[in-house]
Every structure is written in C-alpha cells, then in structure tokens.
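In what follows, a single structure is set out as structure tokens and then discussed.
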Amino acid sequence: ISDAFEIITNKINKNKLNKLSMRNVELRRNDDILIVDLLKYKIFGNSYNTRLLEGDIIYLNEYDEYIDIYGGVKNVGRYEFVENEKLNEIIDIAGGFSFYPNKLNVEISRFSDNYEEFKVLINDFETLKQTLLYPYDHIIVSNTSVINKRNLVYIDGEVQTPGFYVIENNMTFSDLLYKAGGYTVNADTNKLIINNSSLENDD
C-alpha cells in the first residue's frame with residue numbers, strides 16, 4: 001500500500017497533499033474495508049502495510065481533524081487525528097521526548113462537547129499511557145529536564161562551528177566566537193545580530 005500511495009501522490013496537485021490523509025487510508029478488498037496508517041508504518045515500520053492483490057481498491061481522503069503537539073518532543077507540529085490513539089502514542093509518533101524528563105509535565109488544552117476549552121494535566125507515565133486523544137487537542141510537553149536547566153547560548157551564521165554552547169562566568173562574545181572556531185571567510189563582521197532580553201532597542 002505504501003508503494004501505491006507514493007505513486008498516487010506523485011500525480012496529485014501539491015496544494016492538496018498537506019491535507020491528504022496518511023493515517024486513514026482505506027483498502028477495500030472484496031467485502032472487507034481495512035484502515036491503514038501509513039504514517040505509523042513510515043516511522044515504526046511495524047504497522048499494517050499489506051501486499052496488494054488484483055482488484056483491491058484504495059480510497060484516499062482529506063482530513064479535517066488533527067492534534068497539535070509542542071514543547072519537549074523531537075518533531076513538534078500538527079498530526080492527523082486517529083480514533084482511539086493514546087497520548088504516549090502521539091508522543092512516540094512525534095519522535096519521543098527531546099530530553100530525559102526527570103519530572104513528567106504534560107498539558108492538554110481540549111474542547112468540551114459544548115465547545116468550552118479546558119485543561120487536562122498529566123504528570124505520571126501510567127496516566128500518559130491511558131489518556132485518549134480527542135480531535136483538536138493542543139498538547140504541550142514541558143521541558144522539565146535537568147539538562148535543559150543549563151545556561152546555553154546559540155551562535156549561527158558564518159562561524160566555523162555553529163550550535164549551542166554552555167555559558168561560562170563573565171563570558172563575552174569574543175569567548176563564544178573562539179569556541180565556535182572563529183569566522184568563516186564569508187563573514188561580514190560589521191553585521192552582527194545579538195538577541196538578548198536586556199536590550200531595549202534593536203539588537
């Protein structure tokens with residue numbers, strides 16, 4: 001099915017691909033209707049992805065219902081909603097935790113049946129595995145890791161080794177630049193942008 005899906009989607013207008021369901025692909029075989037989750041197959045490789053037989057019919061749909069997940073997961077963003085999926089499953093689909101959580105803290109913003117918004121707080125792993133997801137859940141996974149409590153600075157652009165560096169006592173920009181290996185040959189040293197919460201005007 002995944003092979004057929006790829007062939008089909010290569011012929012579809014790219015503007016429609018963003019709303020195309022990968023998680024509720026219908027395979028009709030004789031009198032049976034099977035629902036295939038190709039996103040799970042793509043990520044985990046162990047989901048249902050049967051070999052096609054002559055006469056099989058594949059139905060593709062656009063999806064309307066989704067889940068948003070942000071914060072301490074590796075692949076934040078919007079994911080298509082699937083019935084009966086648990087909170088721990090969507091975290092796994094989003095790449096898992098981006099840190100080792102010393103304390104679990106997950107907040108779900110959810111709508112009730114009469115469209116009133118309320119919060120669901122999850123702070124233990126057992127509840128994580130039991131919590132069912134609902135359409136339009138907005139999930140925030142807090143970064144409550146000891147590792148994330150480090151003071152870090154990020155340098156990017158025309159330096160030899162861009163990335164995050166640990167801030168040391170009395171560290172200056174020159175110290176950071178030295179750690180990053182210095183400028184590249186393309187650097188314009190008259191155009192530096194420093195984002196710092198203590199700066200009141202333009203950086």
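The values are calculated or read from the model by the stated rules, or taken from the named source; none is laboratory data. Quantities reported herein were computed from a predicted structural model and do not represent experimental measurements. Ideal geometry is used to build each Cβ from the backbone, glycine not excepted, and the neighbour counts take in all protein chains shown. Ligands, DNA and RNA are stripped out before the accessible areas are found, and what is left, the full protein with its side chains, is counted by its heavy atoms. Shrake-Rupley method; radii C 1.70, N 1.55, O 1.52, S 1.80 Å.
Scoring 77-83, 6-12, 112-118 by mean Cβ neighbours within 10 Å over their residues and listing the highest first yields 77-83, 6-12, 112-118.
Note on the chain: GNM, Cα springs under 10 Å; of Glu126, Glu89, Glu107, the largest mean-square fluctuation is that of Glu126. Using a cutoff of 8 angstrom between alpha carbon atoms and counting only pairs six or more residues apart, the relative contact order for the chain works out to 14 percent. For the chain, with a Gaussian network of springs between Cα atoms less than 10 Å apart, report the residue from Asn105, Asn170, Asn61 with the top mean-square fluctuation. Among Asn105, Asn170, Asn61, the largest mean-square fluctuation in the Gaussian network model of the chain belongs to Asn170. Across Asn88, Asn143, Asn15, mean-square fluctuation computed from a Gaussian network of the chain (C-alpha pairs under 10 Å connected) peaks at Asn15. All Cα-Cα separations within the stretch 101-142 were binned at 5 Å from zero, giving a P(r) of 6, 21, 33, 22, 11, 5, 1, 0, each value a whole percent of the pairs.
Within the accessible area of the chain, what % is carbon and sulfur when the probe is 1.4 Å and the other protein chains stay in place?
46
The alpha carbon convex hull volume per residue for the stretch 41-87 rounds to 119 Å³.
What does the convex hull of the alpha-carbon atoms of the stretch 76-171 project to on average, in nm²? Mind showing how you got there, number by number?
Numbers: hull surface 36.1 nm².
Projected area, direction-averaged: 9.0 nm².
Looking at the stretch 18-48, the trypsin sites (Lys or Arg not before Pro) that sit in a DSSP loop and have at most 12 other Cβ atoms within 10 Å of their own Cβ are Lys19. Counting every pair of alpha carbons in the stretch 147-194, the share spaced more than 12 Å apart comes to 63 percent.
Electrostatic tally near Phe125: other residues with Cβ closer than 15 Å to its Cβ, Lys and Arg +1, Asp and Glu -1, net -1.
Rounded to the nearest 500, what is the chain's calculated 222 nm mean residue ellipticity when only DSSP H runs of at least 4 contribute -39500 (n - 2.57) each, over all residues?
Details: 6 runs with 39 residues, N = 203.
The per-residue figure over the chain is -4500 deg cm²/dmol.
For the stretch 33-115, the alpha-carbon coordinates run over 51, 36, 18 Å along the three principal axes, in decreasing order. On a per residue basis, the convex hull of the C-alpha atoms belonging to the chain measures out at 225 Å³.
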